[in-house]
Amino acid sequence: MYQSSLISKTRKQISQSEESLNAQILIKAGFVDQVMAGVYAYLPLGYRVIQNIEKIVREELAAISAQEILLPALQPKSYWEKTGRWDNLDVLYRFTSYYTNTELALGSTHEEIITPLAQNLIQSYQDLPLAAYQIQTKFRDEKRAKSGLLRGREFIMKDLYSFHSNSEDLDAYYDIVIQAYINIYKRLGLGDKTLKTYASGGSFSKYSHEFQTLSDIGEDTIFVCEKCNIAINQEIIDEQNTCPECGNSDLIEKKAIEVGNIFKLQTKYSDAFGLEFTDDKGQNKPVIMGCYGIGISRLMGTIVEIFAENNAKMLWPAEISPFDTHIIVLNTDSAEVKNKAEELYQQYQKNGKSVLFDSRDERPGVKFADADLIGIPERIIISKKSLEQNGVEINGVIIPFEKIYKF
């Protein structure tokens with residue numbers, strides 16, 4: 001893509017109300033635009049990052065036999081009444097249709113939709129296990145939206161639901177999902193900072209699990225066992241001040257951002273909707289469920305918090321960068337430089353590389369400042385100086401064209 005054709009531009013100044021680093025970087029770099037508190041529009045660069053995060057998630061979930069669906073954001077009151085959450089979920093957006101006088105909700109989560117849907121998909125034990133997920137916009141009436149993309153009123157989330165005939169089968173799949181999540185965070189560049197974290201299982205089980213990314217700006221407090229490289233959260237530290245896996249009591253308090261959570265729902269929602277299956281003896285039994293969430297847009301904000309330097313420089317992990325390569329052309333008054341740069345751009349595209357091509361008639365300082373904000377990890381500079389040595393400049397080193405073309 002020619003950078004001159006991008007509909008978004010970098011900005012020098014943004015609203016002083018944006019206190020979080022992730023929002024400052026993403027707005028200044030032209031990745032997102034704030035519509036109101038907790039609500040953002042995703043511009044071409046930002047949406048490419050979102051799509052790359054989603055691609056990783058889809059690939060890792062396909063590897064564990066989860067199938068993708070898309071559930072409605074608009075949901076009937078009657079489903080929420082069945083689970084008792086219409087009046088009890090404080091972040092649920094509720095409203096009445098102007099024309100039908102029907103009371104509706106905007107989905108903050110989808111247990112109330114996936115469970116009755118599963119009634120049409122599951123009859124006998126032969127239909128189990130079943131795992132389905134979606135990537136969907138969620139809505140939560142947060143009292144105070146803050147921290148940029150980390151706590152919004154509208155956000156993008158992946159939620160996976162699994163259905164099982166017994167607890168042992170749920171336990172086995174739950175462990176498979178944990179490994180899939182570890183793979184996802186590793187590919188996102190967060191693997192060394194993201195810890196499986198023990199949390200309360202509530203009425204469902206002894207534990208649920210969160211995935212927490214270590215960060216000084218995190219809202220959550222976790223306690224890290226460096227022997228096992230896992231953590232427990234603040235909620236259960238008073239109940240159990242030792243590592244659940246090795247018993248170590250020398251835990252280190254740290255701040256973190258929650259980027260995923262998983263629960264064994266057991267039969268809570270199956271009971272509410274009467275979701276049952278017929279076992280191999282012809283008896284009806286409740287379906288056992290698990291749920292597994294990852295905040296897609298929250299991950300984007302988290303990655304910025306981890307990889308940005310102050311509010312002027314960003315470096316995206318390679319797999320989710322908006323483009324593979326950023327080609328920057330200096331000396332645009334030279335026909336030779338412009339022609340060679342165009343040739344390089346076309347060659348990269350022919351070889352399957354996505355490229356942001358900056359051939360704008362701007363000063364080098366402007367181009368480099370924009371490149372620092374946009375944060376594409378591979379940056380190629382072509383100029384009169386590099387042409388004199390029959391190559392391009394990468395990280396201050398001149399690389400001959402014949403090597404560049406052999407990627």
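Laid out as a table, the results:
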item	result
Strands (runs of 3 or more DSSP E) contained in region 349-404 and holding at least 1 residues under 19 Å from SER4 (Cβ atoms) and touching a residue at least 12 places away in the same chain (Cβ under 8 Å)	355-358, 378-382
Any chance ILE217 is in contact with a strand residue (DSSP E or B) (Cβ under 8 Å, 6 or more places away or on another chain) and not in a loop (DSSP other than H, G, I, E, B)	no
Among the residues listed as GLU258, GLU253, the single one being farther than 29 Å from GLU319 by Cα, at pLDDT 95 or above and in a strand (DSSP E or B)	GLU253
Residue in region 263-273 that is among the aliphatic types (A, V, I, L, M), closer than 23 Å to GLN67 by Cβ, in the same structural domain as ILE50 (by TED's automatic domain parsing) and over 21 Å from the mean Cα position of the chain (by Cα) present	yes
Residues located in region 316-346, provided they are of a type in the set (Phe, Trp, Tyr) and either part of a helix (DSSP H, G or I) or surrounded by fewer than 20 Cβ atoms within 10 Å (Cβ to Cβ) (or both)	TYR345
Test: THR242 is part of a strand (DSSP E or B) and assigned by TED's automatic domain parsing to the domain that holds ALA180	no
Pair list, Cβ < 8 Å and 6+ apart or interchain, from region 278-291 residues that are under 11 Å from HIS164 (Cα atoms) to residues that are aromatic (Phe, Trp, Tyr) and not in a strand (DSSP E or B)	MET289/TYR269; GLY290/TYR173; GLY290/TYR174
Meets criteria (under 30 Å from ALA118 (Cβ atoms), at pLDDT below 95 and either in contact with a Phe, Trp or Tyr (Cβ under 7 Å, 6 or more places away or on another chain) or of a type in the set (A, V, I, L, M, F, W, C) (or both)) for PHE204	yes
Complete set of residues in region 222-251 that are loosely packed, with under 12 Cβ neighbours inside 10 Å and either touching a helix residue (DSSP H, G or I) at 6+ places or on another chain (Cβ under 7 Å) or not hydrophobic (A, V, I, L, M, F, W, C) (or both)	ASN229, ASP238, GLU239, ASN241, GLY247, SER249, ASP250
Only one of ASP370, ASP361 that is of a type in the set (Asp, Glu) and within 26 Å of LEU188 (Cα to Cα)	ASP370
Residue list for region 22-43, filter: farther than 18 Å from GLY375 by Cα and either buried (at least 20 other Cβ atoms within 10 Å of the Cβ) or among the hydroxyl-bearing types (Ser, Thr, Tyr) (or both)	GLY38, TYR40
Within region 135-170, tally of residues that are part of a loop (DSSP other than H, G, I, E, B), more than 25 Å from TRP316 (Cα to Cα) and among the hydroxyl-bearing types (Ser, Thr, Tyr)	1
Members of region 223-250 found to be among the hydroxyl-bearing types (Ser, Thr, Tyr) and under 16 Å from LYS196 (Cα atoms), listed by number	THR242
Unique residue being within 26 Å of ALA62 (Cα to Cα), over 14 Å from the mean Cα position of the chain (by Cα), of a type outside the set (A, V, I, L, M, F, W, C) and in a helix (DSSP H, G or I) when the list is TYR173, TYR198	TYR173
ALA131 vs. criteria assigned to a strand (DSSP E or B), in contact (Cβ under 8 Å) with a residue 40 or more places away in the chain and either crowded, with 16+ Cβ neighbours inside 10 Å or outside the structural domain of TYR40 (by TED's automatic domain parsing) (or both)	yes
Residues of region 192-219 satisfying the condition of being of a type in the set (Gly, Ala, Ser) and either over 18 Å from VAL304 (Cα atoms) or not assigned by TED's automatic domain parsing to the domain that holds ASP171 (or both)	ALA199, SER200, GLY201, GLY202, SER203, SER205, SER208
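The values are calculated or read from the model by the stated rules, or taken from the named source; none is laboratory data. Because the structure is a prediction, the values reported are computed rather than measured. Glycine gets a Cβ as well: all are built from the backbone with ideal geometry, and neighbour counts include every protein chain shown.
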